[in-house]
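Every number here is computed from the coordinates shown, using simple stated rules; none is lab data. In this text the structure is predicted, and so the values were computed from the model without any measurement. Cβ atoms come from the backbone with ideal geometry, glycine included; neighbour counts cover every protein chain shown.
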Amino acid sequence: KRRTAEPYKIKSVETLSMLSYDERHESLARAGYNTFLIDSDDVYIDLLTDSGTTAMSDAQWGALMTGDEAYAGSKSWKRLEQAVKDVYGYNYVLPTHQGRGAENILSQLKIKDGDYVPGNMYFTTTRAHQEMNGATFVDIIIDEAHDPSIDLPFKGNVDLKKLQALIDKVGAEKIPYVCLAVTVNLAGGQPVSMRNMKDVYELCQSYSIDVMFDATRCVENAYFIKDREEGYANQTVAAILKEMLSYSDGCTMSGKKDCLVNIGGFLAMNDEDLYIRSRELVVVYEGMPSYGGMSGRDMEAMAIGIREAVDDHYIEHRIAQVRHLGQQLLDAGIPIVKPIGGHAVFLDARAFLPHLSQEEFPAQSLAAALYLDSGVRSMERGIISAGRDIKTGEHNRPNLELVRLTIPRRVYTNNHMDVVVDSILALYEKRDWISGLKMVYEPPTLRFFNARFEPL
Ligand code: F0G
């Protein structure tokens, strides 16, 4: 098979810092063994997140100069609004400072105390907003999504029986909307099939329940449909995306991922009444509905990024780069979540470090060990990220105890991916020597961001 390369060339470069082992050791201890707390200046290859870490194109950088910074009626907002309408196809759009800004507004307006919000696995901020507004999150993803070893093309799918069972149990009037993530971040960046989106939408329509997408990585999901679902191979990603979103009533969007920008987001919907009520809350929390927490230049960059993201060459390479990393790990027998997802490769820390119990935080420990070995920064997505049960105060105990190697968009080359592979292979050789951690500081909410640890 012929090899392919990045569908772009490099115009500006950023020098990476390369610390010694001793310096990394010091930095890690200073950070309380939490990769979130390591100074970015001490990181060589930063795979903490794909959020806001995108490299912008020359067209985006050029457009910054044309940003209209008017407090009201900015023409940059008009351009962003038009881009969302053209590419996503919703009737109404409101700007927010990032994804969670949209989640806040949607949750406040739709959720009543005692409601249930079903979703295909939780996301941290999304669930936090649902719970803060009095809802109980209910996981309706297929069982297989909780098993890292099962290889399925659409492992982000909803189990319709679980959704039906919830409707039967609590009643449709207690379910303000279904939150459907496309792709599913914490399941390993796994996509949802078009068939499943359609089925969920039809079932919900029959009960007058709205379907709101978490569209954060929707372009990646669209590519997987093109690649894996029958009947889509010859369609453009842009056309597939439009069809996907037609099976929803609206979405929350973190622009920091599939809109190819460093900050921004939006809330979109087809219902005029929800739009009008949302606009009132945008004014309270985000700013005027013509900027919503973004500067004019941010909105210009996002308007362009939204269109660049649905370029078939861009998205094909994006997914291929994640696969370039993951496939080498698979070939070497490293336990990772299967299949390889859209934005990240997830190490299965339970299988990598079988000698550690979940209370010894295997994923947190592995992320710390990886940084120490090579300066590669990753993120825990296991028991620490899952937090505590709001009723019992016990740890939530997710089946998945993962280390996420998240690939920023258009930032690193495949050579960087190879360096990451080498480090992980070296760690796997000496895995028996990797010890666990104990938590010495635990924040009350979203604890993973600021928790501190010490080696056991
Ligand atoms: N939904 C999903 C699926 C996400 O992955 C994120 C952010 C959000 C919503 C919230 O968006 O950060 O713009 O407020 N995920 C980042 C990550 C933080 O690293 O996975 P935001």
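Brief remarks follow.
- Gyration tensor over the Cα atoms of the chain: the corresponding equivalent ellipsoid has semi-axes (square roots of 5 times the eigenvalues, largest first) of 33, 27, 22 Å.
- Each Lys or Arg adds one and each Asp or Glu subtracts one; over the other residues with Cβ under 15 Å from the Cβ of Ala386, this totals 0.
- In this structure, the amide hydrogen of Thr54, modeled 1.01 Å from its nitrogen in the peptide plane, lies closer than 5 angstrom to those of Arg409, counting only residues at least 5 positions away or on a different chain.
- Per residue convex hull volume, Cα atoms of the range 352-456, in Å³: 112 Å³
- Under a 5 Å amide H cut-off, with hydrogens placed 1.01 Å from N, Ser290 pairs with Gly73 among residues at least 5 apart or on other chains.
- Whole-Å distance, taken between Cα centres, linking the range 129-144 and the range 198-267: 19 Å
- Length released on extending from Leu456 to Glu316, taking residue separation times 0.36 nm less the Cα-Cα span: 46.1 nm
- Scalar couplings 3J(HN,Hα) for the range 292-302, obtained by applying the Karplus form with A = 6.51, B = -1.76, C = 1.60 to θ = phi - 60°, are x, x, 9, 7, x, 5, 4, 5, 4, 5, 5 Hz; x denotes Gly and Pro.
- Note that the range 84-93 has calculated 3J(HN,Hα) couplings of 5, 5, 5, 8, 9, x, 7, 6, 10, 9 Hz, one per residue in order, obtained from phi through the Karplus relation 6.51 cos²θ - 1.76 cosθ + 1.60 (θ = phi - 60°); glycine and proline are x.
- With 19 Å as the limit, the listed pairs Lys112/Lys169; Lys11/Lys75; Lys75/Lys242 have Lys11/Lys75; Lys75/Lys242 beyond it between alpha carbons.
- Taking the range 233-341 and dividing mean pair separation by its residue count, relative contact order in percent (alpha carbons under 8 Å, at least six apart): 23 percent
- Other residues within the sphere of radius under 15 Å centred on the Cβ of Asp22, judged by their own Cβ, net out at -2 (K and R +1, D and E -1).
- From phi via Karplus (6.51, -1.76, 1.60), per-residue ³J(HN,Hα) for the range 363-371 in Hz, x at Gly/Pro: 5, 4, 5, 5, 4, 5, 5, 5, 4
- For Leu456, net neighbour charge (Lys/Arg +1, Asp/Glu -1) across residues whose Cβ lies under 15 Å away: -2
- Along the axis of the charge dipole computed for the chain (Cβ charges of +1 for Lys and Arg, -1 for Asp and Glu, origin at the Cα centre), the listed residues Ala368, Met379, Leu353 are led at the positive end by Met379.
- With both residues required to sit in the chain, DSSP beta bridges show an antiparallel share near 65%.
- As a calculated quantity, the FRET efficiency between Lys112 and Arg195 at R0 = 35 Å, using C-beta atoms, amounts to about 0.65.
- For the chain: relative contact order, % (alpha-carbon pairs under 8 angstrom, 6 or more apart): 24 percent
- Residues of the range 31-45 with amide N under 14 Å of a point placed 7 Å along Cα→Cβ from Ser17: 31, 37-45
- Spacing of the modelled spin labels on Ala233 and Tyr207, each 7 Å from Cα toward Cβ, amounts to 3.7 nm.
- Across the range 200-268, the relative contact order, built from alpha-carbon pairs under 8 Å that are at least six residues apart, equals 34 percent.
- Oblate is the label for the range 399-456, because a/c, from the alpha-carbon gyration tensor with a ≥ b ≥ c as root eigenvalues, is 1.5 or above and a/b does not exceed b/c.
- For peptides 217-228, 165-176, 87-98, sequence by mean Cβ density within 10 Å, most packed first: 217-228, 87-98, 165-176
- Anisotropy class of the range 243-350 from Cα gyration tensor, a/c 1.5 cut: prolate
- The helix-only estimate of mean residue ellipticity at 222 nm for the chain, built from DSSP H runs of length n ≥ 4 each weighted as -39500 (n - 2.57), is -12000 deg cm²/dmol after division by the residue total.
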